[in-house]
Amino acid sequence: HSDRGARAALKLLEEQDRDFAYVLSPTKRYLGVVSADSLRAALDGHVGPLGPQHAYLNVPTIAAEAPVAGLFGQVAQAPCAVPVVAIDGRFRGVISKTTLLKFLDRDTPPIEAPLASAPAVQPAPQAQ
């Protein structure tokens, strides 16, 4: 589907007033994260279809089984909420700075398991 490329991802981010999106395969495997800025830069001067992989940011993932104690530096340094990925590569959600701080605050009511706080984008199938 050509409507799942970089332009569609940028339109989705702009319509939802978001800065980042997590790109997933049709089977919900994590592929990468894009930002409105990285999509604009990839599309600048480009004519024709362009997949979102051309705008992926260098954002590390967190293993779903990772202990909380090891997340602080990774989450603090990331430009966006960090994707959480299961052993099989499936996207499980994200951990943001705010979520991590709420986890540490004993006065905050318990929080649910992390969910995606940004839209997921599924790329168009690659032409053969």
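A simple rule links phi to the HN-Hα coupling: the Karplus curve 6.51 cos²θ - 1.76 cosθ + 1.60 with θ = phi - 60°, which for the stretch 88-99 gives 7, x, 6, 5, 10, x, 9, 10, 9, 4, 5, 4 Hz, with x for Gly and Pro. Close amide-amide hydrogen proximity is noted between residue 29 and 91, each under 5 Å apart and 5 or more residues distant or on a separate chain (H modeled in the peptide plane; Pro and chain starts excluded). Could you compute the FRET efficiency for residue 19 and residue 68, with r as their C-beta to C-beta distance and R0 at 30 Å, rounded to 0.05? Once the sixth-power term is evaluated, E becomes 0.75. Modelled spin-label separation between residue 98 and residue 77, with each label point placed 7 Å from Cα along the Cα-to-Cβ direction: 2.4 nm. In this structure, residue 47 and residue 11 have a Cβ-Cβ separation that, at R0 = 25 Å, corresponds to a calculated FRET efficiency of about 0.90. Across the stretch 7-48, the convex hull enclosing all Cα atoms gives 79 Å³ per residue. Protein heavy-atom surface of the stretch 1-73, 1.4 angstrom probe: 53% of the accessible area is carbon and sulfur, with nucleic acids and ligands not counted.
The values are calculated or read from the model by the stated rules, or taken from the named source; none is laboratory data. Quick caveat: nothing in here was measured; it's all calculated off a predicted structure. Note that each Cβ is placed from the backbone with ideal geometry, even for glycine, and that neighbours are counted across all protein chains shown. Areas reflect the complete protein model, heavy atoms only, side chains present, ligands, DNA and RNA absent. Shrake-Rupley method; radii C 1.70, N 1.55, O 1.52, S 1.80 Å.
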